[in-house]
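Participant: Got a structure here, written out as structure tokens. Questions coming.
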Amino acid sequence: MKTIPTLLSLAFLAGCGAGNSEIEDAEAFSGIADDETVSLAGTEPFWSVEVEGDEAIFSSPENLEGTSFPVERFAGLNGISFSGRLEGESFDAMVTPGDCSDGMSDRTYPYTVTISWGADQLVGCGYTDRQPFSGPEMP
């Protein structure tokens, strides 16, 4: 009688791995090279983040000089993220490919951005030094 539950357990575990081969075979996002400078920005409220290597600078109208903090980069299946701690709070910026508008200019950016910072969530657009936005420069 103990054989049936054991066999069912083994069958269940085998089934758990059944769909994972696609994930294991998937390649990490490579659309933004490790040495590219990544610029992120959003409105309402206004904010910007510039990531170069393993260092980020967060700026806002209240902090024009910005606050520098270390970040770790992670390449997922459809984008990259930068994670660190800013002003004692967890900071995670997710950058995914897709046309993005800041809603205030006639620019189109190649990336969409979602930032979780502590209990706050910020949304915006992004570009890199090799993948710029299209549209007018700021006056």
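Participant: Taking only segment 34-46 into account, find how many residues are in contact with a strand residue (DSSP E or B) (Cβ under 8 Å, 6 or more places away or on another chain) and either assigned to a loop (DSSP other than H, G, I, E, B) or of a type in the set (Ser, Thr, Tyr) (or both). Give the steps one after another, and end with the answer.
Facilitator: The first filter runs over segment 34-46 and keeps only residues in contact with a strand residue (DSSP E or B) (Cβ under 8 Å, 6 or more places away or on another chain), leaving 34, 36-43, 45-46.
The next check asks that each one be either assigned to a loop (DSSP other than H, G, I, E, B) or of a type in the set (Ser, Thr, Tyr) (or both); those that pass are 34, 36-37, 39, 43, 45-46.
Of the residues in that region, 7 qualify.
Participant: Just need a number here: residues in segment 63-118 that are within 16 Å of TRP47 (Cα to Cα), open to solvent by 60 Å² or more (accessible area, probe 1.4 Å) and either of a type in the set (D, E, K, R) or over 10 Å from the mean Cα position of the chain (by Cα) (or both).
Facilitator: Within segment 63-118, residues that are within 16 Å of TRP47 (Cα to Cα), open to solvent by 60 Å² or more (accessible area, probe 1.4 Å) and either of a type in the set (D, E, K, R) or over 10 Å from the mean Cα position of the chain (by Cα) (or both) number 7.
Participant: Tell me which residues, restricted to segment 36-54, are more than 20 Å from THR112 (Cβ to Cβ) and open to solvent by 70 Å² or more (accessible area, probe 1.4 Å).
Facilitator: Just the residues of segment 36-54 that are more than 20 Å from THR112 (Cβ to Cβ), to begin with: 52-54.
Scanning segment 36-54 gives GLU52, ASP54.
Participant: Under 24 Å from ALA28 (Cβ atoms), of a type outside the set (A, V, I, L, M) and over 13 Å from the mean Cα position of the chain (by Cα): is that true of CYS125 in this structure? Show your work before the answer.
Facilitator: Numbers: under 24 Å from ALA28 (Cβ atoms): yes; of a type outside the set (A, V, I, L, M): yes; over 13 Å from the mean Cα position of the chain (by Cα): no.
Criteria not met by CYS125.
The values are calculated or read from the model by the stated rules, or taken from the named source; none is laboratory data. As the structure is a prediction and not an experimental result, all values here were calculated from the model. Because the Cβ atoms are built from the backbone with ideal geometry, glycine has one as well, and the counts that use them run over all protein chains shown. Surface areas here come from the heavy atoms of the whole protein model, side chains and all, with no ligands, DNA or RNA. Shrake-Rupley method; radii C 1.70, N 1.55, O 1.52, S 1.80 Å.
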